[in-house]
Amino acid sequence: GTPSLVRLYLCCILDAGSRDTAFCYDFHPSAQLFKSTLRKALLAWGIPKQIWMDNGKEFLAEEISGGARREFRWRFEADEDTWSLFDKLGIDPHYCKKFNPNGKALVERFFQTFNAIERELPGWTGEHTGSTVRGRRAFARPERLKEEERLHDLFLAGEAPETSLWPLDKLVAYETARIEAEYRHQRHDGLSGRTPAQVQAGFNGERRI
């Protein structure tokens, strides 16, 4: 069929000890995307005692944090199906204060690097994900993106020889390689000049998975 234009989301979990990252992509922010990213982080680093999270609804799902049920977890001890994901893993979740970027400064630093990469690429959607029009979310596309979409439509109609927009596999591979080179293997002042990958490698054998 005709290829469609999609937006791609990235979910990132950052290890505070090393500033190393685990991340996954999907077409929508969701609890499932977060769980996939968490699984990747746990397999790489082991199970943490605590996790600090944003206040997005995908992180507040009862299946993940348990909501009010956390106060009554021992009442359900005989039936583990009622436990949340964090209950089962023994992770204590905390949520950052809203509109306070200092509460998640380390992961915000990662996203600064990621956003700088994004700005260079075709299909960049802009700094803001959307605006509200008549009570509904409306995505405001940058002028550059509008022109890229116009040319892409001509390409699909056979009226242009090529399109500047990238297929998903190329985009994911490129962004992942850039993150490796410009974040994971980049020296950080806060790590005494070491890279997140170097610090993380020093933890090998000391964490349980």
Label point distance in nm, LEU171-ARG187, each placed 7 Å from Cα along Cα→Cβ: 3.5
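So between ARG39 and GLU120, what do we pick up on full extension, going 0.36 nm a residue minus the alpha carbon distance?
Numbers: separation 81, 0.36 × 81 = 29.16 nm, distance 3.01 nm.
Between ARG39 and GLU120, full extension yields an extra 26.2 nm.
Heavy atoms only, probe 1.4 angstrom, no DNA, RNA or ligands counted: give me VAL107, VAL199 ranked by accessible area, highest first. Walk me through the intermediate numbers first.
Working: VAL107 30, VAL199 10 Å².
Sorted descending by solvent-accessible area, the residues read VAL107, VAL199.
Largest first, how would PHE110, PHE203 line up by accessible area (1.4 Å probe)? Working shown, then result.
Details: PHE110 0, PHE203 50 Å².
Putting PHE110, PHE203 in descending order of accessible area: PHE203, PHE110.
From the protein chains alone at 1.4 Å, what is the descending order of accessible area for GLU63, GLU159, largest first?
Values: GLU63 100, GLU159 135 Å².
Per-residue accessible area, sorted high to low, gives GLU159, GLU63.
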Spatial separation of Cα centroids for the stretch 46-62 and the stretch 84-122, in angstrom: 10
Which entries in LYS98/LYS170; LYS57/LYS88; LYS35/LYS97; LYS40/LYS104 show an alpha-carbon gap greater than 29 Å? LYS98/LYS170
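The values are calculated or read from the model by the stated rules, or taken from the named source; none is laboratory data. None of the values given here were measured: they were computed from a predicted structure. Using ideal geometry, Cβ is built from the backbone for each residue, glycine included, and neighbour counts are taken over all protein chains shown. Note: accessible area is taken over every heavy atom of the protein model, side chains too, but ligands, DNA and RNA are not part of it. Shrake-Rupley method; radii C 1.70, N 1.55, O 1.52, S 1.80 Å.
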